[in-house]
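The structure appears right after this line, and notes come after that.
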Amino acid sequence: MAEILFLVHRAPWPPDRGDRIRSWHMFEALAKLAPVHVAALADNEAEAEVARRKMAPLCASLAIEVRKVSRPLALAQAVLRGEPVSNRLFRNAALARHVGGLIRHGEISHIVAFSGQMAQYLPADFAGPVVMDFVDVDSAKFATYAAQDKRQPLHWVHAREADRLGAFEAAVAERVDASLFVSGAEATLFRTRSGLDERRVQAVENGIDTDIFDPALPFAPVGQGEGPLAVFTGQMDYRPNIDAVRWFATDILPLIRKHHPDARFAIVGRAPTDEVRALASLPGVNVTGEVPDVRPWLAAADTVVAPLLLARGIQNKLLEAMAMARPVVASGAAAEGIDATPGEHMLVADTADAMAVAVGTLIDDRAQAQRMGQAARAQMIARYGWDARLAPLGQLLGLAA
């Protein structure tokens, strides 16, 4: 009988951030194919315990260990050993022992690893099918950071990580049966870098639950106040999100407020850094911190904005906003990989002036904004159901659904 080992860099529950949304739905899809043993990490004990309570009854076995390696220590260890820092950050001896025990016991027939950092737990001599979901080409992200930080102390750290992680990703892809990425663009980039073909490197896109992200559901009022409201959602200690909201708050919102003096901007998401919190001192800016549910904020938004200067893969924040029938204004980087037509399902802008004009257009023309939101939701329903997105997993593993 088939049994699947699912290696995850963050325990999938609750599915309240981009990586956990994908890994949770992947777990559900795998559980329809065979019993699943989950071996995961968590950022702290509270998160681990929440995940254990939810997932233990659903798993053949469950092990969640808390990461305790600090970034400075991980960097020092990685430099000494010639490894990627990312791998050191997610290395845990207890989890490695647990995985080794499962493999030696002989019940595991298939392995799915989620996020490149978990590839270090793959046994070298495992004979069954192995699928590696890299999600994004992380090494390319660090290469972009290095290019952006040429005159800053972190330049060499990011440049080194891009090099070491890129070599690690390529070596892993050579070992496994299939490597997955969240978008066609990411898969194409990795094929170019690795030299592997479309059979070995494939795109398995994210989906969206349009029954949960449904504007017809009743939501408690939030974001009340005078003036049109633009909303950004995301993890607010993540550098691309920090850069995006800083750009919008300091450069784009003032342009919008020239024509709409009461325009407001809400930054919605957990763990805002001090830099993000400081943006609340600017006219019209609200930093909410963590909220129990982003849907009321999406429902309250006149526009949802995604001014990401750096984005990898498919942005869940956009799928959620579009499923909620919100008119979206996104940068080209944020929109890449989403099957949507600019001008019909969203507006795309890449300069501060262009983004301000796009948001202002939707504020001024509420009928257009409504049409765009409805078209976006229809596209999400037609194109992005999770069952359809993750259907290839069974075929890749050689297991019938």
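A few notes on this one:
- Judged by the gyration tensor of its Cα atoms, with axes a ≥ b ≥ c, the stretch 34-172 is prolate; a/c meets the 1.5 cut and a/b is the larger of a/b and b/c.
- Computed with a 1.4 Å probe over protein heavy atoms only, the accessible surface of the stretch 261-341 comes to 32 Å² per residue.
- A simple count of charges around Ser23, restricted to other residues whose Cβ falls under 9 Å of its Cβ and scoring Lys, Arg +1 and Asp, Glu -1, yields +1.
- Just the protein heavy atoms count here, and of the accessible area of the chain at 1.4 Å, carbon and sulfur take up 52 percent.
- The stretch 96-111 - phi-based ³J(HN,Hα) in whole Hz, Karplus 6.51/-1.76/1.60, Gly and Pro as x: 4, 5, 4, 4, x, x, 4, 5, 5, 5, x, 8, 6, 10, 9, 10
- Candidate cross-link partners of Lys317 among the lysines, defined by an alpha-carbon separation under 21 Å and a same-chain spacing of 8 or more, comprise Lys141.
- Mean silhouette area of the stretch 221-319, derived from the convex hull of its C-alpha atoms and averaged over all directions, reads 5.9 nm².
- Farthest toward positive dipole pole in the stretch 76-183 [+1 Lys/Arg, -1 Asp/Glu at C-beta], among Phe126, Leu95, Ala178: Leu95
- Assigned charges on the beta-carbon of Lys, Arg, Asp, Glu; the chain dipole about Cα centre (debye): 720 debye
- The lysines whose alpha-carbon is closer than 26 Å to the alpha-carbon of Lys32, local same-chain residues fewer than 8 away aside, are Lys54.
- Contour minus Cα-Cα distance for Arg366 and Val50 (0.36 nm per residue): 109.6 nm
- Euclidean distance between Cα centres, the stretch 158-200 to the stretch 238-256, Å: 31 Å
- Model label zone, Arg277; criterion: amide N under 14 Å from point 7 Å along Cα-to-beta-carbon; scope the stretch 230-257: 236-237
- Our summary gives the stretch 234-380 a relative contact order of 23 percent, counting only alpha carbon pairs under 8 angstrom and 6 or more residues apart.
- The stretch 46-103, Cα convex hull volume normalised per residue, Å³: 93 Å³
- All other residues whose Cβ lies under 14 angstrom from that of Pro342 are scored, Lys and Arg at +1 and Asp and Glu at -1, for a net of -4.
- Structure-based [θ]222 nm, the chain - -39500 (n - 2.57) summed over DSSP H runs of at least 4, per residue, nearest 500: -13000 deg cm²/dmol
- Relative contact order %, the chain, counting alpha carbon pairs below 8 Å whose residues are six or more apart: 14 percent
The values are calculated or read from the model by the stated rules, or taken from the named source; none is laboratory data. Worth saying up front: this structure is predicted, and the values here are computed from it rather than measured. Heads up, the Cβs are rebuilt from the backbone with ideal geometry, glycines too, and the neighbour counts pull from every protein chain shown. These area figures cover heavy atoms from the full protein model, side chains too; ligands, DNA and RNA do not enter into them. Shrake-Rupley method; radii C 1.70, N 1.55, O 1.52, S 1.80 Å.
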